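Beneath this line is the structure, given in structure tokens, with notes to follow.
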Amino acid sequence: MPPVARPYPRFIADAAKEGAPYGRWAERLTEEFTRACGALSSEAGSPLDPETLRWFPERGYGGRVYVPASGRGGEVEYFGWISFSRPEEGEASDFMARADFTDVTADDNPDWKIDLNDDVIGSWRADGGRGGDVTLVWGLPLVGGAVAATAELDGEVLDQAAVQDGRFTLVAVDAVTGFGDDLFLEVRLWDRTLRRVVAAESLYDDAG
């Protein structure tokens, strides 16, 4: 086959090795995420309520595992991730956590079809000044019938994942430059036939 005109990296993330956190492992992740949210509690107006935490499927990238999370604190929603190194043998180590908050929530936006969050966790650079942001994307389908999610760039699938317990996590290159107009990811949700899109949302917000 000849070289491709747009050599975006595809399927760069490792699949999940563990299911939803529970027991002492969930307690450790909760501790890390609560600490990250604590630095924001004054600005947010109230601290994170650990009892409201929701965990999203883990994904691995660049030798680290990322577990996204979200939870409520009064009128705001905290969101972010916990990351760590997981050796083939032994315990996880080198924990990191990142958090932010918003007062724009799905509860106040009944027209939303996906409750979506994203964060840049790396970069991709190619020749000729081309490149983009390696982006962690996690979300909650707010419509029925979604069994799979894809991250697409100009109609090309860069990552895909099953919707597990009503949640999904993707890793793909976003905000790609050097191929004409800047390109931004679109997240699509698919029904059980994998032929019909039940919801779609772009990571690009042109409101400003």
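The values are calculated or read from the model by the stated rules, or taken from the named source; none is laboratory data. Treat the numbers as computed from the prediction; the structure is a model and nothing was measured. Glycine also receives a Cβ, built like all others from the backbone with ideal geometry; neighbour counts cover every protein chain displayed.
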Here the qualifying pairs (Cβ atoms under 7 Å; residues six or more apart or on different chains; first in segment 84-101 and without any contact (Cβ under 8 Å) to a residue 40 or more places away in the chain; second among the acidic types (Asp, Glu)) come out as Phe84/Asp94; Ser85/Asp94
I need the full set of residues from segment 73-122 which are within 18 Å of Glu32 (Cα to Cα) and among the basic types (Lys, Arg), in order please. Arg86, Arg98
Going through segment 167-208 one residue at a time, which ones are outside any strand (DSSP E or B), modelled with pLDDT of 95 or more and not charged (D, E, K, R)? Phe184, Leu185
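Yes or no, residue by residue, for (1) more than 27 Å from Trp25 (Cα to Cα); (2) touching a Ser or Thr at 6+ places or on another chain (Cβ under 8 Å); (3) in a loop (DSSP other than H, G, I, E, B):
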site	(1), (2), (3)
Glu89	no, no, yes
Asp94	no, yes, no
Leu116	no, no, no
Asp133	yes, yes, no
Note on segment 29-54: residues in contact (Cβ under 8 Å) with a residue 60 or more places away in the chain, out of contact with any Ser or Thr (no Cβ under 8 Å at 6 or more places or on another chain) and surrounded by 15 or more Cβ atoms within 10 Å (Cβ to Cβ) are Glu32, Phe33, Ala36, Cys37, Leu40
Residues that are more than 26 Å from Gly45 (Cβ to Cβ), surrounded by 11 or more Cβ atoms within 10 Å (Cβ to Cβ) and modelled with pLDDT under 95, drawn from segment 86-121: Arg86, Ala92
Between Val171, Val198, which is under 19 Å from Ile12 (Cα atoms) and not basic (Lys, Arg)? Val171
Inside segment 125-143, can you point out the residues that are touching a residue at least 24 places away in the same chain (Cβ under 8 Å) and not aliphatic (A, V, I, L, M)? Gly128, Gly129, Arg130, Gly131, Gly132, Asp133, Thr135, Trp138, Gly139, Pro141
Criterion first (buried (at least 18 other Cβ atoms within 10 Å of the Cβ) and either within 15 Å of Phe11 (Cα to Cα) or acidic (Asp, Glu) (or both)) does Asp182 satisfy it? no
All positions within segment 1-45 that are β-branched (Val, Ile, Thr) and either modelled with pLDDT of 95 or more or not in a loop (DSSP other than H, G, I, E, B) (or both): Ile12, Thr30, Thr34
The residue that is farthest from Leu53 (Cα to Cα), considering only those in segment 97-114 that are out of contact with any strand residue (DSSP E or B) (no Cβ under 7 Å at 6 or more places or on another chain) and not in a helix (DSSP H, G or I), is Asp111
